[in-house]
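Here's the structure, in C-alpha cells; my notes come after.
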Amino acid sequence: MDEENTKRKIIEPLIDLLGWEILSSDVELEHSVQMGSGTKKVDYALKREGTPVVFVEAKGCDTPLGQSHENQLKSYMRQVGVDWGLLSNGREFEIFRRDVSSNRPNEISLAKFSIETVPSNEHPLRALSRESIDSGESRQIAEKIEAVQNAVTSLRKNKEDLAEDVTGVVTKVAGNSVSQQVENEAKGFVDDLIETLEEQAHQTAVIRESSGDDVGPEDGEYVICLGRNGETVYRTAGDVQSETMASLVNYLIEEEDLLEEIEIPYIPGTGQGSRALINDKPKHPNGSDMRGQQELSSGYYLLTNLNSDNKKRYASELPVKVGLECEFSGSW
C-alpha cells in the first residue's frame, strides 16, 4: 500500500486503539513544525490540552524505513520538545522516547518490532496510549523497559568476566578439576538469563522470576503450518509455544526425513556456536545442560528455552531443509 492507504487502514486504526479519537481535536493531522526558516509537517500530533505529547510519522507499506526517517521524527520531537514518537510504515514500528536525564536531551529507541509481533509488544505500545500519558504510566513503562535493556547490554558485555568470577568461587570449594565444566555452565546461565530478560522486555517489561519458557495469552493458540507447492501438508497448534515447536520437529523427523538433511548436534543459524537446537542428548556441544528442552518422540532433544522471536526464526530454518514452507499464525 502507498502512504495514504497505509495511514487510513493501519496507522489511524492504531491511533484509535490507543485511545486517541482520530476525529477529535486531540489529534491534529499535518501538524506544523518550525524548522529553521522553514516549516515541516509531522503526520499526526496527539495532544493533551492543546499541547503535542506524541508525534506519529507514517510512511507507506511500499517504503522501507531507514535512518533518514528516524532522524526526521527525532528532529521534530527535539524541536518541539515532544517526549514520545512513533515511526511506522504499517509493517515495521519503532517507538522513541525523549531522554532528559542529561544536559543534552536526546531521543532514544524504546522498542522496534514488526506488525506480526505487535501482540507481544503490548507494553511499549501502551506507553503511547492516552490513558498512560495522562496517568504517568508511560514513564514507568519506559523506565522498566530501559532497565531490562541496560541489564541485557551489561550481561553481554561482561559474560566472560562473570563466568570467570563464578568459576573462581566454585573451584575454591570444589577444586580445579571442575573448573571447565563450571565455566561452561556459567556462560550457559548468562545466555539463558539474557534470553529470558529479552523475552520479558518484549512481553511484560517487568523483571520477574521465570523459567524462560513460554509467555502468551492464556487462551491463545500458537499455530504453525507447513506447505509444499502452495498446499498445506501439516498443521500443528497448541497453547504453549515450546510444545507446538516440538510437534513441528517431530513431524519433520518422522515424516520428512529431516535427520538426513542436518548434522547432529544441529546448531542453528551459521552452524557455529556452543548451543544446539537439536541433539541426541540433553546437552550442548560444550557439555553444558540443555535447559528448557523437550524430548522428541525419536529420542532426540529440542532446545525450547528461547524467546518467541528465536523460536520462530530457528523453527523456520528446519522445514526449508526438506523443501517445505513455514508459516506462523495465531498468538505468535
Report, in degrees rounded to the nearest 10, the 0 to 90 angle that the Cα long axis of helix 67-80 makes with the longest principal axis of the chain. 50
Out of Leu18, Ala58, Ile108 - ranked by how far each Cα lies towards the positive end of the dipole of region 1-113, with unit charges on the beta-carbon of charged residues - the top one is Ile108
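Counting only protein heavy atoms, what percent of the accessible surface of the chain is carbon or sulfur at a 1.4 Å probe?
Details: 7640 of 16810 Å².
Carbon and sulfur atoms account for 45 percent of the accessible area of the chain.
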Packing-ranked peptide list from 139-146, 247-254, highest mean Cβ count within 10 angstrom first, is 247-254, 139-146
Aspartates and glutamates within cross-link reach of Lys144: Cα-Cα under 16 Å, excluding same-chain residues under 8 positions apart? Asp99, Glu122, Glu198, Glu199, Glu209
Among Ser135, Leu155, Ser177 the positive-end extreme of the charge dipole of region 82-179 (Cβ point charges): Ser177
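Hey, can you rank 153-164, 107-118, 83-94, 294-305 by average C-beta count inside 10 Å, highest first?
Values: 153-164: 13.3, 107-118: 16.2, 83-94: 21.7, 294-305: 18.6.
Result, highest mean Cβ count within 10 Å first: 83-94, 294-305, 107-118, 153-164.
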Have a look at Val169, Val148, Val56 and tell me which one the Gaussian network model of the chain (Cα, springs below 10 Å) gives the largest fluctuation. Val169
Taking Cα atoms only, helix 137-157 is inclined relative to the longest principal axis of the chain by an angle, in degrees rounded to 10, of 40
Candidate lysines for bridging to Lys59, where Cα separation is under 18 Å - those fewer than 8 sequence places away on the same chain excluded: Lys7, Lys9, Lys40, Lys41, Lys74, Lys112
For Val53, which sequence-distant residues (separation of 5 or more, or a different chain) have an amide H within less than 5 Å of its own amide H, given hydrogens modelled in the peptide plane? Leu46, Lys47, Arg48
Taking a cut-off of 17 Å between Cα atoms, list the aspartates and glutamates near Lys47, but don't count ones fewer than 8 places away on the same chain. Glu12, Asp16, Glu21, Asp26, Glu28, Glu30, Glu57, Asp83, Glu131, Asp134, Glu137
MRE, 222 nm, helices only [DSSP H, n ≥ 4, -39500 (n - 2.57), over the chain, to nearest 500]: -12000 deg cm²/dmol
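Can you tell me, using C-alpha contacts under 8 Å and at least 6 residues apart, the relative contact order of the chain as a whole percent? Numbers along the way, then the final one.
Details: 554 pairs, mean separation 37.4, N = 332.
Relative contact order of the chain: 11 percent.
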C-alpha long axis of helix 308-321 to longest principal axis of the chain, angle in °: 60
Given (i) 18.3; (ii) 32.1; (iii) 21.1 as possible values of mean projected area of the Cα convex hull in nm², the one from the coordinates is (iii)
Gaussian network model of the chain, Cα within-10 Å springs - most flexible of Pro319, Pro64, Pro268: Pro64
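The values are calculated or read from the model by the stated rules, or taken from the named source; none is laboratory data. Keep in mind the model is a prediction, meaning the values are calculated, not measured. All Cβ positions, even for glycine, are placed from backbone atoms using ideal geometry, and neighbour counts span all protein chains on display. All accessible areas refer to the heavy atoms of the entire protein, side chains included, with ligands and DNA or RNA removed. Shrake-Rupley method; radii C 1.70, N 1.55, O 1.52, S 1.80 Å.
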